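What follows is a short report on a single structure.
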Amino acid sequence: MSEKDVRLEEALDDLERIVEELENGKKSLEECLDLYEKGMRLVKHCHARLENAKRKIESLTGELPPGLD
Amino acid sequence: MHDLWARGELSNYVHHRSGHRYFTLKDRDSQISCVLFRNDGVRLGFELKDGQNVIVYGDVGVYRPQGRVQLMAKGIRLDEGIGLRHLQLEALKKKLADEGLFSIEHKRSLPKYPERIGIVTSPQGAALRDVLRIIGPYPARIILSPAQVQGEGAAESIAMAVRALQGRADVVIVCRGGGSTEDLWCFNSELVARAIFECDSPVISAVGHETDFTVADFVADVRAPTPTAAAEMAVPDIEKLRSLLVQATVRMKRSLWSGLERREERLEYLKRCISAQKMYSLTEEARQRLDSLERRLCAAESERRTALESRLEQAEGRLAAVGPLATLSRGYAIVRSPRGLVLSSEDVQQGEVLELILAKGRLLVSVVENKAVEEVYH
């Protein structure tokens with residue numbers, strides 16, 4: 001699964017777990033740096049999802065009436 | 001006649017200055033004059049209007065001045081004209097409730113961050129626009145499943161639209177704007193109820209206004225008072241989400257820094273422990289200890305020597321006292337023959353050579369004469 005396909009919910013869940021792991025401070029420095037990097041990637045990913053969101057509306061049947069966006 | 005019910009259409013309604021209300025209740029082939037006295041009218045709870053279908057409760061009496069029979073109302077209820085339908089609705093509710101379609105253990109919780117939001121409503125309705133406005137910039141795919149939400153065939157259309165979203169949505173909003181009880185009736189159908197119940201994703205129902213309750217609302221996982229409220233329930237607040245991300249960033253940075261600081265402190269502490277000065281003082285201590293050990297070793301050695309020396313001297317003294325040397329130095333001599341010490345003249349022959357050991361030196365002598373024992377003087 002490429003990073004682009006990660007669901008927002010999954011990304012946020014992962015992020016939450018990473019923050020907690022970092023905060024309880026039981027990991028080695030190396031692991032902390034890895035977690036931090038991963039966490040920041042997730043933050044960036046989520047931000048990108050929020051900022052670049054183009055709302056996509058589709059209709060299962062028939063045409064969408066004009067002016068819905 | 002007391003305490004009877006009459007059903008009919010209201011006409012010739014007059015709200016008199018006195019506070020009494022007068023009207024005629026009629027149906028297809030009969031009519032009766034009615035009065036609602038002011039005191040009874042206080043509890044009415046709605047405005048009477050010509051053309052309303054009402055159910056009147058009261059007593060029948062005669063208005064003597066005109067000799068007219070009239071109904072003196074004690075209470076009036078709007079007759080929705082759905083008495084039978086109402087009974088059917090109650091029966092359906094009971095049936096569905098008995099089957100467990102309304103039960104709390106079937107209620108699913110809504111996803112926190114839905115990726116696909118299914119909407120069952122009329123593409124032309126205001127409800128759809130309300131929902132879209134609230135979802136706003138939230139990044140989700142919106143899948144409209146168009147339905148006819150009033151009139152003939154509406155129930156079938158809604159049920160089909162709900163089923164069409166099978167496997168395509170994380171959450172489904174079934175909604176419709178406000179309307180008459182009549183307009184909303186399709187949401188009371190068993191078809192719609194079952195379609196909602198069988199939907200594979202959680203369903204939010206929002207039919208009409210806050211005070212309107214339909215069977216769809218009972219079956220849905222969540223009932224929203226209005227379409228707007230339904231949309232608010234379906235998606236998280238995007239600003240909150242943004243601040244959540246900012247918070248996560250801050251928390252990660254903070255804990256990383258504090259972790260680094262903690263390690264730096266530890267390093268600093270360990271560094272202090274093994275500093276050159278500390279090491280120097282440690283070796284200094286060892287050296288001093290070595291010195292002192294050395295001193296003690298030397299002292300012990302010389303003490304031991306002195307003790308040995310004095311013991312030797314003593315032994316020498318005692319040896320001298322018991323040894324022959326002192327005796328010899330007083331003028332005695334030791335006489336030896338090849339057979340050993342000579343203590344008696346009988347031990348030697350005349351002419352034999354003997355050895356004399358003196359205090360200083362030795363002599364070899366020859367025996368000139370052997371005299372008897374008694375001739376010797378001590």
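The values are calculated or read from the model by the stated rules, or taken from the named source; none is laboratory data. What you see is a predicted model; the values in this text were computed from it and never measured. Reconstructed Cβ throughout: ideal geometry from the backbone, glycine too, with neighbour counts over all protein chains shown.
Take residues that are away from every other protein chain (no Cβ under 14 Å) and tell me which of the strands (runs of 3 or more DSSP E) falling wholly in segment B:53-147 contain 3 or more.
Passing ranges, in order: B:53-63, B:68-78.
Sort out which residues of segment B:225-260 are free of Cβ contacts under 8 Å to residues at least 24 places away in the same chain, more than 14 Å from chain A (Cβ to nearest Cβ) and not in a helix (DSSP H, G or I), and write them in order of number.
B:P225, the sole residue that qualifies.
Could you say whether any residue in segment A:49-61 is in contact with a helix residue (DSSP H, G or I) (Cβ under 7 Å, 6 or more places away or on another chain), at pLDDT 90 or above and either over 30 Å from B:I158 (Cβ atoms) or facing another protein chain (nearest Cβ under 9 Å) (or both)?
no
For segment B:201-221, name all the residues that are outside any loop (DSSP other than H, G, I, E, B) and within 17 Å of B:A140 (Cβ to Cβ).
B:V203, B:I204
Quick one: would you say B:A169 is in a loop (DSSP other than H, G, I, E, B), of a type in the set (A, V, I, L, M, F, W, C) and either within 11 Å of another protein chain (Cβ to nearest Cβ) or within 22 Å of B:R108 (Cβ to Cβ) (or both)?
So B:A169 passes the test.
Each row is one residue, and each column tells you yes or no for (1) at pLDDT below 90; (2) not charged (D, E, K, R).
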{"site": "B:Y57", "(1), (2)": "no, yes"}
{"site": "B:Q66", "(1), (2)": "yes, yes"}
{"site": "B:L71", "(1), (2)": "no, yes"}
{"site": "B:K74", "(1), (2)": "no, no"}
{"site": "B:L78", "(1), (2)": "yes, yes"}
{"site": "B:G81", "(1), (2)": "yes, yes"}
{"site": "B:K95", "(1), (2)": "no, no"}
{"site": "B:G100", "(1), (2)": "no, yes"}
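Filter segment A:16-41 down to the residues that are over 20 Å from B:E264 (Cβ atoms) and within 8 Å of chain B (Cβ to nearest Cβ) and list them by number.
A:E16, A:I18, A:V19, A:G39, A:M40
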